[in-house]
Amino acid sequence: MTIGGSDMTVEDAVRTVVADHRDQRGALLPVLHALQAELGCVPKEAIPVLADEFNLSRADVHGVVTFYHDFRREPAGRTTVRICRAEACQALGSDALVGYAREAGLAVGETTPDGSVTVEQVFCLGNCALGPAVEVDGRLYGRVDTARLGSILKGTVA
Ligand code: FES
């Protein structure tokens, strides 16, 4: 896998990011965040390189990447819709939003085939009093019902 049409490989990107964090203790998480910022995700090809760099097993690195919901395995779509599924939003109906998105062909954790939208779940957006909360490309929406989510997914909510 090369990156953005350049000759840079995932391995090159990982080793560069790790080098930038060489003096930082407990650098795996900052490196993963930096890698995702650089590549848009933490691709599976990065796992063995990270294991080598941090002297960890591949299973250890894989465990960290999959434990944290923030890390993507594939690049996100052009629009990222994050539905809060923490307790307060769940009590106010966020499961209905997840079901609605799934029926619209957007399961949590997936991207539309045309790469336009990715739906993710998060656990608290700091908007608990106005749940269910949804964040679209960093913009927060409160009291989202299925009709409003439909408009958001169609890109018709300003
Ligand atoms: S629980 Fe959803 S914003 Fe806090």
If you check VAL119 against the conditions, is it in contact (Cβ under 8 Å) with a residue 24 or more places away in the chain and outside the structural domain of THR16 (by TED's automatic domain parsing)? yes
Please specify each residue of the range 122-138 satisfying the condition of being away from the ligand (no atom under 14 Å from the Cβ) and over 16 Å from VAL108 (Cα atoms). GLY138
On the given criteria, is LEU50 buried (at least 16 other Cβ atoms within 10 Å of the Cβ) and either within 13 Å of the ligand (Cβ to nearest atom) or outside any helix (DSSP H, G or I) (or both)? no
Please find, within the range 107-121, the residue that is surrounded by the most Cβ atoms within 10 Å (Cβ to Cβ) out of those that are outside any loop (DSSP other than H, G, I, E, B) and away from the ligand (no atom under 16 Å from the Cβ). VAL117
Residues of the range 122-154 being among the basic types (Lys, Arg) and either assigned to a helix (DSSP H, G or I) or more than 15 Å from ALA96 (Cα to Cα) (or both), in sequence order, are ARG139, ARG148, LYS154
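Quickly run through the range 124-152 and pick out the residues that are in contact with a helix residue (DSSP H, G or I) (Cβ under 6 Å, 6 or more places away or on another chain) and among the small types (Gly, Ala, Ser). Reasoning before the result, please.
Keep residues of the range 124-152 that are in contact with a helix residue (DSSP H, G or I) (Cβ under 6 Å, 6 or more places away or on another chain), which gives 128, 131-133, 136, 142-143, 146, 149.
Result: GLY131, ALA133, GLY142.
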Within the range 130-158, track down each residue that is in contact (Cβ under 8 Å) with a residue 24 or more places away in the chain and either hydrophobic (A, V, I, L, M, F, W, C) or closer than 19 Å to ASP70 by Cα (or both). ALA133, VAL134, GLU135, VAL136, ASP137, VAL144, LEU149, ILE152, LEU153
Residue selected from the range 68-96 under the condition over 12 Å from the mean Cα position of the chain (by Cα) and among the hydrophobic types (A, V, I, L, M, F, W, C), by the criterion surrounded by the fewest Cβ atoms within 10 Å (Cβ to Cβ): ALA91
Just the residues that are touching an Asp or Glu at 6+ places or on another chain (Cβ under 7 Å) and in a helix (DSSP H, G or I), please, taken from the range 66-97. none
Filter result for the condition that a residue is among the small types (Gly, Ala, Ser) and either modelled with pLDDT of 90 or more or within 16 Å of the ligand (Cβ to nearest atom) (or both), over ALA76, ALA96, ALA104: ALA96
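The values are calculated or read from the model by the stated rules, or taken from the named source; none is laboratory data. Since this is a predicted model, take the numbers as computed values, not measurements. Ideal geometry is used to build each Cβ from the backbone, glycine not excepted, and the neighbour counts take in all protein chains shown.
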